[in-house]
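The values are calculated or read from the model by the stated rules, or taken from the named source; none is laboratory data. Not measured: the values here are computed from a predicted model. When we count neighbours, we look across all protein chains shown, and the Cβ atoms used for this are built from the backbone with ideal geometry, even at glycine.
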Amino acid sequence: MLINCVAYQHGAKLADIDVDSISDYIARPDCFVWVALSDPEPEELAMMQSEFGLHELAVEDASHGHQRPKIEEYGDSLFVVMHLVEPIAATADSEATFNVGEVDVFVGLNYVLSVRSRSRSGFLGVRERCEREPELLRNGSGFVLYALMDAVVDRYFPVIDALEVELEEVEQQIFSQGEPRASIKRLYELKQRAMVLKHAVAPLLEGAGKLHGGRVPQICAGSQEYFRDVVDHLSRINGSIESIRDTISTAVHVNLSMVTISDGEVTKRLAAWASIFAVCTAFAGIWGMNFEAMPELKWRYGYLMALGLITATCGVLYWRFRKAGWL
């Protein structure tokens, strides 16, 4: 579906144009066309390929979707794939998860084509931002690519914050004597979501590095410092993800240690009570032997004396175990 198709010249908006007029505008000097599509049909992509002369391999990747984040050069053009990570809140029937959309950006000297798939988050704010900064928009399609990348990367920060807040809640649950199995389940769900974000950030960080250092593509030559800012943000996000993963691993070990300690307390209580009842059993076993030469068996107060001795011994053992913290 076509979202918009706009022509720009010298950093200013010329007009909203029809798809059929694209070739007329990209032929003008210092003019470029910015087209935005959402979940396009194959016919729409084929039309854009014809208008902009897109490389067939890049178009094939955009048509199939589910690509790894990357930045590829095709002659004088760039093909950029980025993931859109959108949180989905937990419900009564499902756990919290992520919807992973995709935005494919084709960038040439006189055009920008963004193709958004499986996502409800648009980029109208990015277009408005670029139009409010005509001096930067004079840099052409390279600045538009920066603005799109910056918008995608900025959307990762709230996701990181939400993961950190949830991780703190799980850590508190571990030390509040909550259900251990529930804590471990939440921790592994957090780890899974962190890995989804990791798969979106790490490859993009690797590819974005070549847009500001070394042999920079001609399209990005006037916006190198802005791409350096994007790389800096990606590095911070990647570091936060690694920190979250390490904290989750530590929390899992702590949770298992808490379970072991709790099991040890139960074992000590069982051992203490078993020792007390073992004394009762020992006395009963001694006086239960059928020997005739056991004078206390025929003593009038032998039964009461035996009960008293058993009770006193068990009482002393209970006191000692209580003092030791086993009961």
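Taking residue 274 as the residue in question, decide whether it is farther than 30 Å from residue 185 by Cβ and at pLDDT below 90. Write out each step before concluding.
On the way: farther than 30 Å from residue 185 by Cβ: yes; at pLDDT below 90: yes.
Yes, satisfied.
Just one of 284, 272, 293, 278 is assigned by TED's automatic domain parsing to the domain that holds residue 309 and either touching a Ser or Thr at 6+ places or on another chain (Cβ under 8 Å) or in a loop (DSSP other than H, G, I, E, B) (or both); which is it? Write out each step before concluding.
On the way: 284 fails: either touching a Ser or Thr at 6+ places or on another chain (Cβ under 8 Å) or in a loop (DSSP other than H, G, I, E, B) (or both); 272 fails: either touching a Ser or Thr at 6+ places or on another chain (Cβ under 8 Å) or in a loop (DSSP other than H, G, I, E, B) (or both); 278 fails: either touching a Ser or Thr at 6+ places or on another chain (Cβ under 8 Å) or in a loop (DSSP other than H, G, I, E, B) (or both).
Just a single option satisfies the conditions, and that option is 293.
With respect to residue 233, is the statement that it is out of contact with any His (no Cβ under 9 Å at 6 or more places or on another chain) and crowded, with 16+ Cβ neighbours inside 10 Å true?
For residue 233, the condition - out of contact with any His (no Cβ under 9 Å at 6 or more places or on another chain) and crowded, with 16+ Cβ neighbours inside 10 Å - is met.
Restricting to the range 5-26, and then to whatever is surrounded by fewer than 14 Cβ atoms within 10 Å (Cβ to Cβ) and in contact (Cβ under 8 Å) with a residue 24 or more places away in the chain, can you tell me which residue is farthest from residue 103 (Cα to Cα)? Can you show your working first?
Going residue by residue through the range 5-26, those that are surrounded by fewer than 14 Cβ atoms within 10 Å (Cβ to Cβ) are 10, 12, 15-16, 18, 20, 23-24.
Retained after the next criterion (residues that are in contact (Cβ under 8 Å) with a residue 24 or more places away in the chain): 10, 12, 23.
Values: 10: 26, 12: 25, 23: 24 Å.
Filtering the range 5-26 for residues that are surrounded by fewer than 14 Cβ atoms within 10 Å (Cβ to Cβ) and in contact (Cβ under 8 Å) with a residue 24 or more places away in the chain, the one farthest from residue 103 (Cα to Cα) comes out as 10.
Could you grab me the full set of residues in the range 120-135 that are surrounded by 18 or more Cβ atoms within 10 Å (Cβ to Cβ) and out of contact with any Ser or Thr (no Cβ under 7 Å at 6 or more places or on another chain)? Give the steps one after another, and end with the answer.
Of the residues in the range 120-135, the ones surrounded by 18 or more Cβ atoms within 10 Å (Cβ to Cβ) are 123, 126-127, 130.
Passing the criteria: 126, 127, 130.
Suppose we keep only residues that are more than 15 Å from the chain's Cα centre (by Cα) and of a type in the set (A, V, I, L, M, F, W, C) within the range 182-206. Which one would you say is modelled with the lowest pLDDT?
Filtering the range 182-206 for residues that are more than 15 Å from the chain's Cα centre (by Cα) and of a type in the set (A, V, I, L, M, F, W, C), the one modelled with the lowest pLDDT comes out as 182.
Please tell me if residue 262 is surrounded by 11 or more Cβ atoms within 10 Å (Cβ to Cβ), among the small types (Gly, Ala, Ser), in contact with a helix residue (DSSP H, G or I) (Cβ under 9 Å, 6 or more places away or on another chain) and part of a helix (DSSP H, G or I).
Considered against the rule, which asks whether it is surrounded by 11 or more Cβ atoms within 10 Å (Cβ to Cβ), among the small types (Gly, Ala, Ser), in contact with a helix residue (DSSP H, G or I) (Cβ under 9 Å, 6 or more places away or on another chain) and part of a helix (DSSP H, G or I), residue 262 comes out as yes.
When the residues of the range 46-68 are filtered to those that are in contact with a helix residue (DSSP H, G or I) (Cβ under 6 Å, 6 or more places away or on another chain) and touching a residue at least 24 places away in the same chain (Cβ under 8 Å), which remaining residue is surrounded by the fewest Cβ atoms within 10 Å (Cβ to Cβ)?
That would be 68.
Would you mind finding the one in 302, 222, 285, 209 that is over 26 Å from residue 66 (Cβ atoms) and within 38 Å of the chain's Cα centre (by Cα)? Even if it seems obvious, please write down each step before you answer.
Details: 302 fails: within 38 Å of the chain's Cα centre (by Cα); 285 fails: within 38 Å of the chain's Cα centre (by Cα); 209 fails: over 26 Å from residue 66 (Cβ atoms).
The conditions single out 222.
What number of residues within the range 82-131 satisfy the criterion of being among the small types (Gly, Ala, Ser), outside any strand (DSSP E or B) and more than 19 Å from residue 200 (Cβ to Cβ)?
5
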